[in-house]
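The values are calculated or read from the model by the stated rules, or taken from the named source; none is laboratory data. Quick caveat: nothing in here was measured; it's all calculated off a predicted structure. Here the Cβ is made from the backbone with ideal geometry for all residues, glycine too, and neighbour counts use every protein chain on show. Accessible surface is based on the protein model in full, side chains and every heavy atom, while ligands, DNA and RNA are left aside. Shrake-Rupley method; radii C 1.70, N 1.55, O 1.52, S 1.80 Å.
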Amino acid sequence: MLKVNDIDVYYGDVQALWDVSFEVNEGEIVALLGSNGAGKTTTLNTISGLLRPRKGHIEFLGQELSKMPAHKMASLGIAHVPEARRLFPEMTVKENLLMGSLMPEAKARREESMERVFTIFPVLKERAWQAAGTLSGGESQMLAVGRGIMACPKLMMMDEPSLGLAPFLVDEVFKVIEQINREGITILLVEQNVAHALKACTRAYVLEVGRITLQGTGEKLLRDEHVKEAYLGV
Amino acid sequence: MAEIKTMAKKSWFLPAILGIVAIAFPPFLGGYFQHLLILMMMWITMATAWNLLGGYTGCVSFGHCVFFGLGAYGGGLLYLHWGISPWWGMIAGPLLAIIAGIPIGLVTFRLRGPYFALSMLALGETFRIVFTNWVSVLGGACGIVSSRTFGVEKLPYYYIALVIAALSVYVVYRLMHSKYGYYFVSIREDQDAAEGLGIPTTRYKMYALIPSALFTGLAGAVYMNYMAYIDPEVVFSLAGISIMMILAVMVGGAGTLGGPILGAVIFVLLNEGIRAAVGPISYLIFMVIACLLIMFLPDGIIGDWAKIKRAFRGKKPVYVGGE
Amino acid sequence: MAYLDINHVVRKFGGLVAVNDITVGLEQGEIFGLIGPNGSGKTTLFNAINNYYPANSGEIIFKGIPITRKSTHEICRLGIGRTFQVVKPLRRMTVLENVMAGAFLRTNSATKARDKALEILNFCELMPRKDMPAKDLPIADKKRMEIARSLAGDPELILLDETAAGLNLVEIEVVMAIVRKIRDSGITCFVVEHVMKFIMGISDRMMCINFGKEIARGTPREIASHPEVIKAYLGEEYAKGK
Amino acid sequence: MALFGQTFVTGILIGGIYAVIAVGMTLIMGVMKIINLAHGALMMVGMYVCLALFKSFGLHPYLGMIPAMIILFGIGWLLQKYSIERVFGVETILPESQVLLTLALGLGITEIIRLIFTSNYQCAYTPFSARCFYLGGMSISQPYLVGFIIAMAFVAALHILLTRTDLGRSVIATAQDRDAATYMGVDAKRITNFTFALGTALAAAGGAMLLPIFYTYPDVWHPYLAKCFIITILGGMGSTVGALSGGLLLGVAETFGATYWSPGYRDVVGLIIFVLVLLFLPGGLKKVIGR
């Protein structure tokens, strides 16, 4: 479904990614793991078109993405759930959700999607008229995910959905991710929380300092000592 | 800053030649040209003074007319109330500008970026309105008429303006090659980093503001003596003084020593020099040039000199860092 | 009393408690490492020490002087230098001028500042770059330049915030050597870092925080095998498994 | 007491007109994060378009407002797309190069208008201009009242646009987080152009409301530009309610200053409020009253 081929990405003159390649197949949850500064968010932003690869290709459902303007991605069916707190803080929860469904197909199913989000996250319904900036960390994360669901995407890219959440909320978030996936949305997940991510995903890639160093099924990597090394440097 | 140094190293003789020309030639020129030269010297002083605070220290002031106006009114008020020679304004004016500058700085330096710019703009307008309305003490909208010591003779005014302009450039040059200069530019480049290096940023902004107010005030005092007439709509003018100072610096190149000089010369030539020939359209021409420069050479003629040279050699400029 | 004493420091942002009652003491001449997952409050603690974001409560004492209420530049003058997580080069100044700006903290003479800066540039192996504008440096050199700029002000304690992030392995080795050299010259180092190889390799003592609270303290070896640390970084499963 | 009431009502009425001019500015500042110093000059162009329509076709300014808004919408779009957008994100020594560009544009536009219409004071005088009616001892000027009503209609329409439509919500979203809006599929550049054009059209509408009340001349915009800043700083960026409350507050404060202090110091009141708010209430009234 999504194919990233040998991309090099730079911030100005600073290279951030080297020859990164991976692919996501329809129906999968693919995790992109790595410590801070490894280039996970950079990868997502490159797929989203906010950054341009200097080399390599990105293909989504057969279409070349790397030359397309960033705002076109949404209409292709890619929803980017950015790191928490990239909500529109002064808009209400409801308005934030509406912003998720601007594309024609999503707009047609707006009411339906809204109901779906409210069933998954009942707390958002209670807070529908509250400004997004006043939500707690967990609630903002739910809103960010909910906003992604509103887009009725084919592929959802999630950037650190567990960041800064208390452990029981992390469980909650991962349950939701698996649920969304069962409902037919393919997921590309960027995570620091290795154990959870590996358990949830079908396959995973490990990024280290801008390069992919490991890949395999979730189970295989869960047993791999090297993962721990990549994280703790021991 | 690197640019200043190479300029200074390569061409100390350039200022020397300019100096000799500036001293020796004017007596042979006609009155109109002498008038233009006086205005140029005044604007060089003002642009250089503004550049110290705006271009080097990064505090873009939209209200420098406060200091120009106070500089002009210092002498004007002495003359109005006590009939003292307006020449005392050369001391009283800048002094008044500094005295006003200190509390203004203490208040406005708490604000950053565009908010600082706007608060200075508001102060400039406030001064204009107060000077327009307070007739009993400040003379009101009619302004103050004083006497011209030298009658119609222009040359003495020219030499005074020349000395002040040269002094302002020299002082800024010296400041920029001392600790102060390094600290000013550090503040402009990154105020947080500057604090982290142990630079008391508010205090150093004040050290930039004081000479800036002083020289702007001196230019105001020269104006007062030369014109022998001041009124608040002119000396506290937002469009005529505050903004023109910025645009003149911008055209020449902010944060360079030569930029304000070049910008001031261009501004006076366009605004006064060709006005006789083309009428009020000269002002429009200056604005169009300013727009084009900001769009294509945002660091001014001197700041973007390298870009200009490349363009003439037909090579594409190399951009560093992304789109 | 320790050299740098951090006593019950709390810092909140709105409802979020970024640093929650941290108490720690640094000894003179050591390299002290601070780790923790993303958003755990490490940089906030640094910002509290040199008062970018003052602590809401608690006290910070340096060499017996309380510095909690002092302004950033006064704290710097007392001898605490720092680098920034997101580099803050003085972009249009050259590398030499950047370092000179740091050196002016202890001298008023441009000549002396230049000499000092050249000495420090030599120490940090940045000599070949000295006339480049800071904005054109590659990231590794920008980070090293920040260290140099801070060293130029003769600090006694230096706060290094993620000096190794974004560097490749060779560059990390170079920075590690420099940090060791700094410590050997008698300057205490307080290091925040994500790159484990770096921080585990140089620290004398370490602390790990999560959600603004201390969860472990000890030598690098103790930290690496501490169950709470593994849990914070890799999740519950890993901690149980080992 | 009648004087007090009269002052208050006049302040509210004129404040409403200020709000329409300023709301465009707050939107532009919110979305573009720059101060648009051309805003006042564009308002003045709107006034002259109305004036020209009035003089040549006898079109009343309240009707001329509509073509003026359309024309200014176009001018705003073109200026933003071909000039201001170009310097967006360009790194310069002076951090405010975009602001300076809008300033130079504003002054250049003023000179063009001066060449066409001369510097003379002109007005669209209709018998209506001087008419007023009496209400409990207060005289209320008709053009003020009608201007106020139209202004309120515009503010309300804008508020509905911004909160009830996808286009409007996209404007607000872009103001709050440009990248996140892009993730949602919003073409941020287009939205920026639209916002600039819309803000300019609203300024033109405000100018048209002023035309039956005051004389116009090419430099007429200076004080109005200052008022826009004051209102924006007072009300907070990108907020219609903020701009409205800021506008009314400024209108009332000014008329009280003019009545009880001195007409000459009318504008000083606003400037003092401005500096005080900047220093002591960063974020403006929006912080206090919520959205």
Accessible surface, segment D:2-289, averaged per residue in Å² (probe 1.4 Å): 35
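Over 31 Å between Cα atoms, which of A:LYS199/C:LYS213; C:LYS130/D:LYS189; C:LYS12/C:LYS231; A:LYS154/A:LYS175; A:LYS175/C:LYS142 qualify? Could you put the intermediate results ahead of the total?
Numbers: A:LYS199/C:LYS213 27 Å; C:LYS130/D:LYS189 40 Å; C:LYS12/C:LYS231 25 Å; A:LYS154/A:LYS175 19 Å; A:LYS175/C:LYS142 42 Å.
Going by Cα-Cα distance, C:LYS130/D:LYS189; A:LYS175/C:LYS142 fall outside the 31 Å limit.
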On Cα atoms only, tilt of D:188-210 relative to the major axis of chain D in degrees: 10
Dipole of the protein assembly as shown, positive direction: furthest Cα of B:TYR183, B:ALA264, A:LEU17, with charges on the beta-carbon: B:ALA264
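Based on DSSP H runs of at least 4 residues, each adding -39500 (n - 2.57), what is the mean residue ellipticity at 222 nm of chain C after dividing by all its residues, to the nearest 500 deg cm²/dmol?
Numbers: 10 runs with 93 residues, N = 242.
The helix contribution divided over chain C gives -11000 deg cm²/dmol.
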Euclidean distance between Cα centres, segment D:68-96 to segment B:74-88, Å: 47
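Within chain A, which is the longest segment that contains none of the trypsin sites (Lys or Arg not before Pro) sitting in a DSSP loop with at most 16 other Cβ atoms within 10 Å? All intermediate terms of the calculation are to be shown ahead of the outcome.
Values: sites that count: A:LYS67, A:ARG109, A:ARG223.
Longest site-free region, per DSSP loop and neighbour criteria: A:110-222.
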GNM top mover of C:ASN122, C:ASN98, C:ASN20 - chain C, alpha-carbon springs below 10 Å: C:ASN122
Interchain or long-range residues, amide H under 5 Å from C:LYS12's placed H: C:ALA18, C:ASN56
Between helix D:61-79 and chain D: long-axis angle, C-alpha atoms, 0 to 90°, nearest 10: 20
Residues along segment B:88-114 losing 20 Å² or more of accessible surface when the other protein chains are present rather than the chain by itself (probe 1.4 Å): B:VAL107, B:ARG110, B:LEU111, B:PRO114
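If you roll a 1.4 Å probe over segment D:2-289 with all protein chains in place, what percent of the accessible area is carbon or sulfur?
Percent of accessible area from carbon and sulfur atoms in segment D:2-289: 71.
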Distance (nanometres) between label positions extended 7 Å along Cα→Cβ at D:LEU161 and A:LYS199: 5.2
Neighbour cut-off at most 14 other Cβ (10 Å), DSSP loop, trypsin sites (Lys or Arg not before Pro), segment D:55-137: D:ARG131
Computed magnitude of the charge dipole of chain D (debye, nearest 20; Cβ of K, R +1, Cβ of D, E -1): 360
Estimated inter-spin distance, C:ARG69 and A:ASP6, nm [label 7 Å along Cα→Cβ]: 6.5
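Tell me whether segment C:108-227 comes out rounded, prolate or oblate; compute the Cα gyration tensor, take square roots of the eigenvalues as a ≥ b ≥ c, and use a/c under 1.5 as the rounded threshold. Spell out each step's value before the answer.
Details: a/c = 2.45, a/b = 1.85, b/c = 1.32.
Taking the square roots of the gyration eigenvalues as a ≥ b ≥ c, segment C:108-227 is prolate.
Which pairs break 25 Å Cα to Cα here: D:LYS33/D:LYS227; C:LYS42/C:LYS197; C:LYS63/C:LYS88; B:LYS179/B:LYS205? Walk me through the numbers on the way to the answer.
Values: D:LYS33/D:LYS227 18 Å; C:LYS42/C:LYS197 18 Å; C:LYS63/C:LYS88 28 Å; B:LYS179/B:LYS205 13 Å.
Where the Cα-Cα span goes over 25 Å, the pairs concerned are C:LYS63/C:LYS88.
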Computed [θ] at 222 nm, helices only, for chain B once each DSSP H run of length n ≥ 4 contributes -39500 (n - 2.57): -22500 deg cm²/dmol
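What FRET efficiency, computed as 1/(1 + (r/R0)^6) with R0 = 25 Å and r the Cβ-Cβ distance, is obtained for B:ARG203 and C:PHE13, rounded to the nearest 0.05?
Details: r = 29 Å, r/R0 = 1.15.
Efficiency, from the Cβ-Cβ distance: 0.30.
Relative contact order of chain B, please, whole-number percent, based on alpha carbon pairs below 8 angstrom and at least 6 residues apart. Write down the numbers at each step before the final one.
Values: 507 pairs, mean separation 93.1, N = 323.
RCO, chain B: 29 percent.
Please work out whether segment D:2-289 counts as rounded, prolate or oblate from its C-alpha gyration tensor, where a ≥ b ≥ c are the square roots of the eigenvalues and a/c under 1.5 means rounded, while otherwise a/b larger than b/c means prolate and anything else oblate?
Numbers: a/c = 1.60, a/b = 1.31, b/c = 1.23.
It comes out prolate by the Cα gyration axes.
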Trypsin sites (Lys or Arg not before Pro), loop per DSSP, at most 16 other Cβ atoms within 10 Å - longest free stretch of chain B: B:149-314
Under-5 Å amide H pairs with A:LEU214, H placed in peptide plane, nonlocal only: A:VAL206
Total accessible area lost when D and B pair, probe 1.4 Å, Å² to nearest 100: 3600
Nearest-ten-degree value, helix A:167-182 long axis tilted from longest Cα axis of chain A: 90
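Suppose the chain between B:VAL278 and B:ILE99 were pulled fully straight at 0.36 nm per residue; how much longer would it get relative to their current alpha carbon spacing?
Numbers: separation 179, 0.36 × 179 = 64.44 nm, distance 4.15 nm.
Stretched fully, the B:VAL278-B:ILE99 segment lengthens by 60.3 nm.
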Charge dipole of chain D about the Cα centre (unit charges at C-beta), most positive-ward option of D:LEU103, D:HIS39, D:LEU248: D:LEU248
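Taking only protein heavy atoms and a 1.4 Å probe, what accessible area per residue, in Å², does chain C have with all protein chains in place?
Values: 9080 Å² over 242 residues.
I get 38 Å² per residue for this part.
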From phi via Karplus (6.51, -1.76, 1.60), per-residue ³J(HN,Hα) for segment D:267-272 in Hz, x at Gly/Pro: 6, 5, 3, x, 5, 5
Pairwise FRET efficiency - D:SER119 versus B:ILE91, Cβ, R0 = 35 Å, nearest 0.05: 0.40
Portion, in percent, of the accessible area of chain A that falls on carbon or sulfur, probe 1.4 Å: 50
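Would you work out if chain B is rounded, prolate or oblate? Take a ≥ b ≥ c from the square roots of the eigenvalues of the alpha-carbon gyration tensor; rounded if a/c is under 1.5, else prolate when a/b is larger than b/c, oblate otherwise. Could you put the intermediate results ahead of the total?
Values: a/c = 1.64, a/b = 1.24, b/c = 1.33.
The shape class here is oblate.
Summed for both chains, how many Å² of accessible area, to the nearest 100, are buried between C and A with a 1.4 Å probe? Each step should come with its number before you reach the end.
Details: alone 11180 and 11180 Å², together 20440 Å².
Separately minus together, C and A give about 1900 Å² buried.
Before I look further, what does segment B:185-270 give for accessible area per residue, probe 1.4 Å, in whole square angstrom?
On a per-residue basis, segment B:185-270 sits at 20 Å².
Grab the DSSP H runs of chain A that are 4 residues or longer, score each as -39,500 (n - 2.57), total them, divide by all residues and round the 222 nm result to the nearest 500 deg cm²/dmol.
Numbers: 11 runs with 92 residues, N = 234.
Per the formula, -11000 deg cm²/dmol.
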Cα-projected label distance for A:ARG182 with C:ARG221, points at 7 Å along beta-carbon direction, nm: 4.8
Protein-protein interface of segment D:104-126, residues with accessible area decrease of at least 50 Å², isolated chain reference, 1.4 Å probe: D:ALA104, D:LEU107, D:GLU111, D:LEU115
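If I compute solvent accessible area with a 1.4 Å probe over the protein chains, what percent of it on segment B:30-236 is carbon and sulfur?
Details: 4740 of 6700 Å².
For segment B:30-236, the apolar C and S fraction of the accessible surface comes to 71 percent.
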Contour excess over end-to-end distance, with Cα ends at B:SER147 and B:PHE28 and 0.36 nm allotted per residue: 40.3 nm
Area hidden from solvent between B and C (accessible, protein heavy atoms only, 1.4 Å, total, Å²): 2100
